[in-house]
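These notes are about the structure you will find just below.
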Amino acid sequence: MSQSAKLFYQAGSESETLHRRITPTADQFTAQKDRWNDLAQFLIKRLTENTGYSIRTWLQGSYKFRTQIRPWVIGAEFDIDLGIYFEWKGVPEDGDHSPEELKAFVQNALVDYQDDEDNEATGVAEPKERCCRIAFAPDFHIDAPCYHLDNHRDARTLATATKGWEVSDPKQIYEWFKNCQADVPRKKLRRLIRYLKMWAALRIDEVQRPSSILLTVLSAEAFDNVNLNAVVDDDDILEVAATLIADRLDHDPTVLNPVNPDEDVNRLEIKAIVQLVAKLRDLASIGERARFAADISAAAEIWSDAFDQFFPMPEDTEEGTQALANSQAIAVFAFTPDIIVTATPRENRNVKPIEGLNEIRPVPKDCDLNFTIARPDLLPAGCTLKWTVRNHGREAAMENDMGHVAGTGTSVERHTAYNGDHAMDLTIYLGGHPVGRRRISVKVRGPAIPPRNPPKRRYGR
């Protein structure tokens, strides 16, 4: 087993693995399920009344494939695809309504659904070419493409805004994915897709980012060529897959839909494809460097170049802590700087700040935290610094705030917002390689300290 394998995934474990940190929580899955079920029931009734057709709904996309990832920044949203199917016999042109009319029915229904305050819908977007969209508090939206369904032929056709009827069958692509691997390796494939989707979200600008379906097809192709007898762990599979996909796109950037050979699912411009290949090779290089790292801590720091705050440190897992303690190369980091930590309640500056060196006792919410290197003059010449916040616990997970890169100077400031056991990690780089590290554990407990009441007016003679 490679050094960082257990930082990627552990079956049945509650440890803070990469896969755990990028995957929605059970509560988030349940909240999404409740919302799309309610919306589906509303649309079936409403659209049946509007058109007289039998209406069906069917989940599709990453939620259906079980490759959904959590939002990578605050403000990003979970995405759900809920297909709306208008059923009649024959071809799409045999129906009573055009594609544009069907999309208008769906759009108007979503607006009326959003107008009901009990639904927690926060807005309906302007219609897109291939779907309508409704957003929900706190952090997800549902895309609703609509189709003609001829159940007798088991045929589906997508309604578009300006391009008429379009050949598109979500059921076929799902059946392809479900059958492309046996049950056990398909679980590994799902995790590979999640890793690549999160990596792409963190490392590639949205306008040049590969689509979910493109990454899914490329991952399945690459996974088919991985020797699972020799390459077992998730980190090694990701490294190999990154090279295989880069080589494949270099050879031929056309990526055919596995159930529709007339469709190229790679809609990226040439410049974006060249950038994707370069970044995939960077990802493979990160995997190679981590594989040859001196210990688990060094490997984790290297992988964080790809996944930032989502990649856990060894201290976040029991197995990782044990490996770190047993490592014979623990002195691989030559610099372990001292850090002064200060916590000051934001709403009550009269309270004495909480201070510590390389640690701090538990602090309440709504405190301003300052982390300052005590002797910056002792840092190696030419080094660079990277401060990373890693949040843990239910409150942070439900807000999709697993942390962030906090700064690159000798001092940073942050704010306590969630109860839980969090961490501020400082990494020192020299020549692009990690040479020093310090972790400050930050335990946040209890509500904020309330503002101090103003002094009472003194009365007297």
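Rounded, prolate or oblate: which fits the range 26-173, taking a ≥ b ≥ c as square roots of the Cα gyration tensor eigenvalues, rounded meaning a/c under 1.5, else prolate when a/b beats b/c?
prolate
Taking the Cα-to-Cβ direction at Val111 and at Ser211 and moving 7 Å from each Cα, how far apart do the two end points lie in nm?
My value for the distance between the label points is 2.7 nm.
Could you calculate the FRET efficiency of Leu357 with Asp154 from 1/(1 + (r/R0)^6), where r is the beta carbon distance between them and R0 is 56 Å, rounded to 0.05?
The computed FRET efficiency comes out at 0.25.
Where does helix 26-51 land angle-wise versus the long Cα axis of the chain, in degrees 0 to 90, nearest 10?
20
Calculate, in nm to one decimal, what Arg375 and Glu175 gain on full extension: separation in residues at 0.36 nm each, minus their alpha carbon distance.
66.0 nm
How long is the gain from Ser411 to Asn348 if the chain were fully straight, where each residue apart is worth 0.36 nm and the alpha carbon distance is subtracted? Numbers along the way, then the final one.
Values: separation 63, 0.36 × 63 = 22.68 nm, distance 2.29 nm.
So the extension gain works out to 20.4 nm.
In degrees, nearest 10, range 0 to 90: what is the angle between the Cα axis of helix 170-179 and the longest Cα principal axis of the chain?
Value to nearest ten degrees: 60.
Compare the Cα positions of Phe310, Val226, Phe371 along the charge dipole of the chain (+1 at Cβ of Lys, Arg; -1 at Cβ of Asp, Glu; about the Cα centre) and return the one farthest towards the positive end.
Phe371
For the pair Ala230/Asp118, report the inter-label distance in nm, with labels modelled 7 Å from Cα in the Cβ direction.
Simple spin-label model gives 6.2 nm for this pair.
How far is it, in nm, from the label point at Asp38 to the one at Ser441 when both lie 7 Å from their Cα along the line to the Cβ?
With each label placed 7 Å out from Cα toward Cβ, I get 4.0 nm.
Tilt of helix 234-251 relative to the longest C-alpha principal axis of the chain, in degrees (0 to 90, nearest 10)?
Result, in degrees: 50.
Along the positive direction of the dipole of the chain (beta-carbon charges: Lys, Arg +1; Asp, Glu -1; about the Cα centre), which of Leu357, Gly432, Ser54 reaches farthest?
Leu357
Can you give me the relative contact order of the chain as a percent, contacts being Cα pairs under 8 Å and 6 or more apart?
13
For a test of the definition: using alpha carbon positions, the gyration tensor, and the 1.5 limit on a/c, classify the range 111-226 as rounded, prolate or oblate.
Taking the square roots of the gyration eigenvalues as a ≥ b ≥ c, the range 111-226 is oblate.
Specify whether the C-alpha gyration tensor of the range 181-292 places it in the rounded, prolate or oblate class, a ≥ b ≥ c being the square roots of the eigenvalues: rounded for a/c under 1.5, otherwise prolate if a/b is larger than b/c and oblate if not.
oblate
Based on DSSP H runs of at least 4 residues, each adding -39500 (n - 2.57), what is the mean residue ellipticity at 222 nm of the chain after dividing by all its residues, to the nearest 500 deg cm²/dmol?
Rounded to the nearest 500, it is -11500 deg cm²/dmol.
In the P(r) worked out for the range 334-411, what percent of Cα pairs fall beyond 20 Å?
Within the range 334-411, distances greater than 20 Å cover 44 percent of Cα pairs.
In percent, what relative contact order does the range 181-292 have, based on Cα pairs under 8 Å that are 6 or more apart in sequence?
Reported as a whole number, the value is 28 percent.
Which ³J(HN,Hα) values, rounded to whole Hz and listed in residue order, are derived for the range 196-212 from phi using the Karplus coefficients 6.51, -1.76 and 1.60 in 6.51 cos²θ - 1.76 cosθ + 1.60 with θ = phi - 60°, glycine and proline given as x?
Karplus-based 3J(HN,Hα) across the range 196-212 equals 5, 5, 5, 4, 5, 5, 7, 10, 10, 4, 4, 5, 10, 7, x, 6, 4 Hz.
Subtract the Cα-Cα distance of Ala26 and Asp250 from 0.36 nm times their separation in residues, and report this length gain in nm to one decimal.
76.7 nm
With all distinct Cα pairs included, what does the Kirkwood hydrodynamic radius of the chain come out to in Å, to one decimal, could you say?
Answer for the chain: a Kirkwood hydrodynamic radius of 24.8 Å.
Calculate one ³J(HN,Hα) per residue across the range 97-107 by plugging θ = phi - 60° into the Karplus curve 6.51 cos²θ - 1.76 cosθ + 1.60, and present them in order as whole Hz with x for glycine and proline.
10, 7, x, 5, 5, 5, 5, 5, 4, 5, 4
Computed from the coordinates by the stated procedures, all read-outs in this text should not be read as laboratory data. Here the structure is a predicted model, which means the values were calculated and not measured. Cβ coordinates were reconstructed from backbone atoms using ideal geometry, including for glycine residues, and neighbour counts include every protein chain displayed.
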